[in-house]
Amino acid sequence: MLRIEDLSKVYATGDRALSDVSLEVPEGQIMGLIGPSGAGKSTLIRCINRLVEPSSGSVRLGDVDLVKVGKSELRLQRRRIGMIFQEYSLVERLTVMENVLSGRLGYVPFWRSWLRRFPPTDIQNAYRLLDRVGLLEHADKRADALSGGQRQRVGIARALAQEPELLLVDEPTASLDPKTSRQIMRLLVEICEERGLPAIVNIHDVPLAQQFMQRIVGLQAGRIVFDGAPGDLTETALTTIYGAEDWNAMRRGDEEQAQAEADARDRMAALAQ
Ligand code: ADP
């Protein structure tokens, strides 16, 4: 169980990114975090593993308050949290397998990781994970030879190699096409359900969040303004989260995207004739 209490963050610039955020994520729950740009979603996710230092409040994972632990203890605690972040991208010149094994770096002694000598159990487990995310036959490929969707699958396998108790996922589909986005979300959700693994997913795509998340939390100007089931996310709730103007602009964006996809399909069909 993750329990966040009265979490606030004021950056050195004076920007208040989070104000007294309290939130519990029970075992096995997959929670989507939505809200307009600048609402504090990334800050919230990063405060949990202290990539951003909270200004006040507590973040308890089990019975450890992550805000209170010292530097070396934090390193140990971070093993418990798997991160799938856009910019935590892969090491391009390493193979898929090596990238997955790098998820074990918090566990193996430094000299072993430096020599890239991982215990056989880690290697077997990495093969199992690659099989699970559908990349077994790509194990020896270099990361820079992969497509966007495949890279995100490696990211998932790498996070799981850590055997985390919580997954933090930041915009996992931001650079993917709609079909690949759905495949990645489905994979993430299936894996979390199989393992009873709780996850917080920062997701800018509302329909995708509604389709895949069990619970949705809406942030607006650093505060929680919505917390409920996807079915409760009414027009009114969305207007509260995004503001009328932004929400309408977003909807228009979706319609334009859908139209562009339909046009592309028509063109392909015409070419195929
Ligand atoms: P979101 O992920 O919802 O787009 P962020 O967490 O990135 O929101 O940002 C929340 C607020 O904090 C914004 O006002 C943003 O400008 C500010 N902010 C984010 N990162 C920093 C930073 N490193 N320094 C100063 N202000 C920041």
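Per the Debye formula on identical point scatterers at the alpha carbon atoms of the chain, with no solvent, log10 I(q)/I(0) at q = 0.15, 0.17 Å⁻¹ is -1.17, -1.39. DSSP finds beta bridges in the chain, and of those with both partners inside it, around 55 percent are antiparallel.
Mind ranking 225-233, 176-184 by how tightly packed they are, going by the mean number of other C-beta atoms within 10 angstrom, highest first?
On the way: 225-233: 13.9, 176-184: 17.0.
For the peptides 225-233, 176-184, the packing ranking is 176-184, 225-233.
Once the C-beta distance of Arg60 and Glu256 is scaled by a Förster radius of 51 Å, the resulting FRET efficiency is 0.75 to the nearest 0.05.
If you stretched the chain out fully between Leu76 and Asp6, how much longer would it get, using 0.36 nm times the residue separation minus the C-alpha to C-alpha distance?
Numbers: separation 70, 0.36 × 70 = 25.20 nm, distance 2.42 nm.
Contour length minus the Cα-Cα distance gives 22.8 nm.
Multiplying the residue separation of Leu51 and Arg223 by 0.36 nm and subtracting their alpha-carbon distance yields 59.9 nm.
Remark on Ala199: its backbone amide H falls under 5 Å from those of Gln29, Ile30, Met31, Leu167, a criterion applied only to residues 5 or more positions apart or on other chains, H modelled at 1.01 Å from N.
Just so you know, all these numbers are worked out from the coordinates, no wet-lab data involved. Keep in mind it's a predicted model, so treat the numbers as computed, not measured. Backbone-built Cβ (ideal geometry, glycine too); neighbour counts: all protein chains shown.
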